[in-house]
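A short write-up of the structure that comes next.
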Amino acid sequence: MKQEIRSKINIESFLIIYSLTFMMSIVFSAILFNNIKDLQNEFSILLILKSFFIIIGLIVIWLFFINIHTKILITKNNIIIKKFFKTERYNFEDLNFYFERIEHSKLKDYKGLFIVREDEVIARISSFNYSNYEEIKENIKLDECKNVGFSIVDAMAIVFGQTIRIPNKKSKTEKIRRK
């Protein structure tokens, strides 16, 4: 193993995520500005509600953007996850296992690796986001657990920054020992 492994952003996902976030932010902001301008002329509950939902939409878009923009550093004993506003450091000994799921998209399927500590998913690493996904996976010193009950709704909740609990139904026979 190398001294440390750094995640490398997949340029395809970079262009897709950043351009969509930028365009949607501009469109939502223009609609919001237009609603505020109309509110100055005439008071309307409908315009206030519409503006409120647009603000919520902007918040959701930026939460997605912030949570998807994660840098990963794997050292000999730790995995460090750097997000926009916080850095989390986990010792491999404190982590339980990881599991892998296929993430479907319109054009291609991607692999998603989910790291679990104390029955909670603490990190998602996707081949959509990282060009060196396989190298990252090979250097994670955890057991892989098969047959984890995990839905698409759980995966989306993780992308938006929610904590998901995994039922502790794994047995030692389901684990595959990492070399």
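The values are calculated or read from the model by the stated rules, or taken from the named source; none is laboratory data. As the structure is a prediction and not an experimental result, all values here were calculated from the model. Quick reminder, even Gly has a Cβ in these numbers, built from the backbone with ideal geometry, and neighbours come from all protein chains shown. Just the protein is used for accessible areas: all its heavy atoms, side chains included, with ligands, DNA and RNA removed. Shrake-Rupley method; radii C 1.70, N 1.55, O 1.52, S 1.80 Å.
Pairs needed: first member in region 1-20, closer than 22 Å to ALA123 by Cα and in contact (Cβ under 8 Å) with a residue 12 or more places away in the chain; second member anywhere, in a loop (DSSP other than H, G, I, E, B) and of a type in the set (Val, Ile, Thr); C-beta distance under 6 Å; at least 6 residues apart or different chains.
GLU4/THR75
Only one of (1) closer than 29 Å to GLU134 by Cβ; (2) of a type outside the set (S, T, N, Q); (3) part of a helix (DSSP H, G or I) fails for ARG101. Which number is that?
With respect to (1) closer than 29 Å to GLU134 by Cβ; (2) of a type outside the set (S, T, N, Q); (3) part of a helix (DSSP H, G or I), ARG101 is out only on (3).
Is it true that some residue in region 18-30 is at pLDDT 85 or above and under 16 Å from ILE115 (Cβ atoms)?
No: region 18-30 contains no residue that is at pLDDT 85 or above and under 16 Å from ILE115 (Cβ atoms).
Just to verify a result, which residue in region 138-166, among those that are among the charged types (D, E, K, R) and part of a strand (DSSP E or B), is nearest to ILE61 (Cα to Cα)? Walk me through how you get there before you give the answer.
Initially, region 138-166 is screened for residues among the charged types (D, E, K, R), giving 138, 141, 143-144, 146, 154, 165.
From what is left, the residues that are part of a strand (DSSP E or B) are 143-144, 165.
Details: ASP143: 34, GLU144: 32, ARG165: 24 Å.
Restricting to residues being among the charged types (D, E, K, R) and part of a strand (DSSP E or B), the top hit is ARG165.
State all residues of region 95-128 that are surrounded by fewer than 12 Cβ atoms within 10 Å (Cβ to Cβ) and either touching a residue at least 12 places away in the same chain (Cβ under 8 Å) or not hydrophobic (A, V, I, L, M, F, W, C) (or both); if no residue qualifies, say none.
The answer is HIS104, SER105, LYS106, LYS108, ASP109, GLU118.
Among GLU174, GLU120, which is the only one that is more than 29 Å from LEU15 (Cβ to Cβ), touching a strand residue (DSSP E or B) at 6+ places or on another chain (Cβ under 8 Å) and at pLDDT 80 or above? Lay out the reasoning, then the answer.
Numbers: GLU174 fails: at pLDDT 80 or above.
Within the list GLU174, GLU120, the selection yields GLU120.
Restricting to region 1-60, give me the number of residues that are open to solvent by less than 100 Å² (accessible area, probe 1.4 Å) and of a type in the set (A, V, I, L, M, F, W, C).
Count: 24.
Looking at region 82-94, which of its residues are surrounded by 15 or more Cβ atoms within 10 Å (Cβ to Cβ) and touching a residue at least 24 places away in the same chain (Cβ under 8 Å)?
Answer for region 82-94, where residues must be surrounded by 15 or more Cβ atoms within 10 Å (Cβ to Cβ) and touching a residue at least 24 places away in the same chain (Cβ under 8 Å): TYR90, PHE92.
Yes or no: LEU63 touching a Gly at 6+ places or on another chain (Cβ under 8 Å) and assigned to a helix (DSSP H, G or I)?
Values: touching a Gly at 6+ places or on another chain (Cβ under 8 Å): yes; assigned to a helix (DSSP H, G or I): yes.
So LEU63 fits the description; yes.
Going by what's in this entry, would ILE79 be described as among the β-branched types (Val, Ile, Thr), in a strand (DSSP E or B) and either under 29 Å from VAL116 (Cβ atoms) or free of Cβ contacts under 8 Å to residues at least 24 places away in the same chain (or both)? Spell out how you get there, then give the answer.
Working: among the β-branched types (Val, Ile, Thr): yes; in a strand (DSSP E or B): yes; either under 29 Å from VAL116 (Cβ atoms) or free of Cβ contacts under 8 Å to residues at least 24 places away in the same chain (or both): yes.
It is true that ILE79 is among the β-branched types (Val, Ile, Thr), in a strand (DSSP E or B) and either under 29 Å from VAL116 (Cβ atoms) or free of Cβ contacts under 8 Å to residues at least 24 places away in the same chain (or both).
Need pairs with beta-carbon distance below 8 Å; first residue among the acidic types (Asp, Glu) and within region 31-59, second part of a helix (DSSP H, G or I) and surrounded by 14 or more Cβ atoms within 10 Å (Cβ to Cβ); sequence gap 6+ or separate chains.
Every condition considered, the pairs that remain are ASP38/LEU47.
Would you confirm whether or not region 33-41 contains a residue that is closer than 22 Å to ILE164 by Cα and assigned to a helix (DSSP H, G or I)? Walk me through it before giving the result.
Let us first name the residues in region 33-41 that are closer than 22 Å to ILE164 by Cα, namely none.
For region 33-41, residues closer than 22 Å to ILE164 by Cα and assigned to a helix (DSSP H, G or I): absent.
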